[in-house]
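Since the structure comes first, as structure tokens, the remarks are kept for the end.
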Amino acid sequence: MSLVLLGYLILIKKNRFLCYNSPMLTLDSTTRPLLQTQKNLLAFSAGIDSTALFFLLQEEGIAFDIALVNYGVREESDVEERYAKTLAETHNLSCFTLHAPKFSTHFEEEARRFRYQFFERLVTEHGYENLITAHQLNDQLEWLLMRLTKGAGTVELVGLESVSKRTNYTILRPILHHSKKELLAYLQQHNQTYFIDSSNSDEQYERNYFRRHFTDRLIEEYQAGITQSLAYLREDKAVLLSGYRELFHYEELYILALEQESVKVRVIDRYLKQLGYLLSAAQREILQSEKSVVLGGVWAVEIVEQRIFISPYVQTVIPKKERERYRIAKIPPKVRGYCYLQGIII
């Protein structure tokens, strides 16, 4: 056994003396049917959250495999990877691991992009229908507080949902209703090994600053009220996003009927998130007034007669006959290239 792993096991045993009675952990009721009937991949890190979720899924008899990204920035990274492989072997699961390159700038952003590219490749290659993540109550509050300080509306404040549709898979977050303290108590009570990421104390990362100074303290004192408030906000978000209908979807093309002008930007934001693109504040402002926009040189958004068209932005030569067909069908110019290359007839 390595010295690093031994040290962590000692730390864990010491922490057990601080354990309070663990609550009964449960999976979110909206995720359970999907978890029970579809093929699942768990985003695993060997930390408190994903390890607790690992064993909870085992308890519930949910079939899943695991995937871990080794960023190699901490001494214990390789130990955590070995632990993930050992867990998978013990429980007869597939374990996918990948070593990330060194990110010199914007580490959190680049690491997240790399991580999700890895997960999405596994989804495609192995036919997973759901990607399970271990986001929990503290994460929800961190998101809300960070968005609040930057300026956000109700929809943006509630960024984490139990079920989030993506283009070819669904993200499931089955433990959003449990706090980190509850997950830790569960692991300690069941004598399960877990690891603590030492970089979580580095306040140069915004999330860590909010966690240390605000989130954990607020959850400790006001968990019940915060949980209820987030539930109310999710209900409000559903109402705010109700003023549209999805008319057509093929691959990365969406056509939506806009029934309430006030939800336009929120709806566009929602669908672009499904496609893996996050709008900036400046882009939101542009979408308030413009009806034909290319975002980041990648995504075309066009609004024609209360219909929203979203697709990849593709520049290509389209034969005159096809151009006329798109014109008659009122397909706006910036999405025609994608329709033509995909052979889409609307």
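The values are calculated or read from the model by the stated rules, or taken from the named source; none is laboratory data. Model, not experiment: these values are computed from the prediction. Counting neighbours? That spans all protein chains shown, and the Cβs are built from the backbone with ideal geometry, glycine included.
So which residues in region 65-99 are surrounded by fewer than 17 Cβ atoms within 10 Å (Cβ to Cβ), among the acidic types (D, E) and in a loop (DSSP other than H, G, I, E, B)? The answer is E75, and nothing else.
Across region 273-300, what is the total count of residues that are in contact (Cβ under 8 Å) with a residue 60 or more places away in the chain and either farther than 21 Å from F114 by Cβ or loosely packed, with under 13 Cβ neighbours inside 10 Å (or both)? Residues in region 273-300 being in contact (Cβ under 8 Å) with a residue 60 or more places away in the chain and either farther than 21 Å from F114 by Cβ or loosely packed, with under 13 Cβ neighbours inside 10 Å (or both): 1 in total.
When we screen Y271, Y277, Y338 for residues that are modelled with pLDDT of 90 or more, outside any strand (DSSP E or B) and more than 24 Å from the chain's Cα centre (by Cα), the only hit is Y338. Checking each residue in region 220-239 for being crowded, with 16+ Cβ neighbours inside 10 Å and more than 19 Å from E161 (Cβ to Cβ) picks out only Q223.
Pairs meeting the criteria (first residue in region 248-269 and at positive phi, second residue polar (S, T, N, Q), beta carbons under 7 Å, at least 6 apart or on different chains) are E251/Q342.
Set side by side, the residues E109, E125 differ, and just one is surrounded by fewer than 18 Cβ atoms within 10 Å (Cβ to Cβ), over 14 Å from the mean Cα position of the chain (by Cα) and assigned to a helix (DSSP H, G or I), which is E125. Answer yes if at least one residue in region 220-227 is over 18 Å from L148 (Cβ atoms), in contact (Cβ under 8 Å) with a residue 12 or more places away in the chain and outside the structural domain of R270 (by TED's automatic domain parsing), and no otherwise. Yes.
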